[in-house]
Amino acid sequence: GKSLLLRTIAQTTAQGIHPFNHRAIEPKRTLVVDLENPAQAIIDTSYSLELMLQDKAKNLYDAERFRIWRRPGGINIRRLADRAALQREIAFHQPELVTIGPIYKMYQRKGGESYEDSADEAMHVLDDLRTKYNFALYMEHHAAKGKQGEGRDLSPMGSQRWMAWPEIGISLYRDKQNPTEFIVKRFRGDRLSGVNWPTKITRNPQWLVDGVWDQNGGAYG
């Protein structure tokens, strides 16, 4: 699932392990803002990975670098109370990477208001937080329902503003030939250079995910 992928990226990055090739990288403080999953679902999918990370990182392991803020009912960052709660969590943990999602459970549209206006305000809040606390942001989006397969439009559901806002826009298509593999595609061109995402993401029983790069993708990202 998409939320599992984002959580895995945050967990591994926090302990200095690349999420897709499992090599050593510089550890970063990470915060997961989970707006969908109950506590037991997170524990069931994260515990085994945490044990792997403890074994891999050994004396460099630091549980304090990784934190989950769980709101399975969603939040509305356009409301002052929810916005302040999110800001307090970020200010407390001081993350270098924040993952949050899904987008549709992050804010609400007011009656009679356009999707664009509601998205603009949500983006403004996130931009303010990123500027103030200087963190990278990964967001989980859902696509509108439609035809299945690689030809399906997997751009973010809701306002078209989400098409243009991110520096990198990634969508995943399940491989028809192998249901355990997901093809990585862009729904928009990258604004950041040198970003080497895998060509495919596969399931791994221990690390949860693996990355696969094709011959044109260069060495491990």
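In nm, to one decimal, how far is the Q108 label point from the N196 one, both placed 7 Å along Cα→Cβ?
The two pseudo-label positions are separated by 4.6 nm.
Go through K58/K105; K105/K132; K105/K200; K28/K185; K132/K200; K2/K58 and tell me which ones have a Cα-Cα distance over 31 Å in this structure.
Pairs exceeding the cut-off: K58/K105; K132/K200.
Using 1/(1 + (r/R0)^6) with R0 = 25 angstrom and r between the beta carbons of Y47 and H18, what's the FRET efficiency to the nearest 0.05?
0.75
In debye to the nearest 20, how big a dipole does the stretch 22-62 give about its Cα centre with +1 on each Lys and Arg Cβ and -1 on each Asp and Glu Cβ?
So the magnitude is around 280 debye.
About the Cα centre of the chain, what is the dipole size in debye to 20, counting +1 per Lys and Arg Cβ and -1 per Asp and Glu Cβ, all else neutral?
Dipole size: approximately 220 debye.
Which label marks the calculated value of mean projected area of the Cα convex hull in nm², given the options (1) 15.0; (2) 13.6; (3) 12.8?
Entry (3).
Could you sort 110-122, 1-13, 62-74 so that the peptide with the highest average Cβ count within 10 Å comes first and the rest follow in order?
Order by mean packing, descending: 1-13, 62-74, 110-122.
To the nearest 20 debye, what charge dipole does the stretch 1-83 have about its Cα centre, counting +1 at the Cβ of each Lys and Arg and -1 at the Cβ of each Asp and Glu?
So the magnitude is around 340 debye.
Would you work out which of P166, L51, G73 lies farthest towards the positive end of the dipole of the chain? Charges go on Cβ: Lys and Arg +1, Asp and Glu -1.
G73
Take R71 and N134, extend 7 Å from each Cα along the Cα→Cβ direction, and tell me the distance between the two endpoints in nm.
With each label placed 7 Å out from Cα toward Cβ, I get 2.6 nm.
Hey, can you find the accessible area per residue of the chain for me, probe 1.4 Å, expressed in square angstrom?
Per-residue value: 54 Å².
So, with a 1.4 angstrom probe, what is the percent of accessible area on the chain that is carbon and sulfur?
50 percent
Using helices alone, I'd like the mean residue ellipticity at 222 nm for the chain: each DSSP H run of four-plus residues gives -39500 (n - 2.57), total over residue count, nearest 500.
Counting only the DSSP helices, I get -10000 deg cm²/dmol.
D for the stretch 1-115, whole µm²/s, Stokes-Einstein with Kirkwood Rh over alpha-carbon pairs at 20 °C and 1.002 mPa s: what number?
Here the translational diffusion coefficient equals 143 µm²/s.
The values are calculated or read from the model by the stated rules, or taken from the named source; none is laboratory data. Every value quoted in this text rests on a predicted model; they were computed, and no experiment measured them. Heads up, the Cβs are rebuilt from the backbone with ideal geometry, glycines too, and the neighbour counts pull from every protein chain shown. Ligands, DNA and RNA are excluded from the accessible area calculation, which covers all protein heavy atoms including side chains. Shrake-Rupley method; radii C 1.70, N 1.55, O 1.52, S 1.80 Å.
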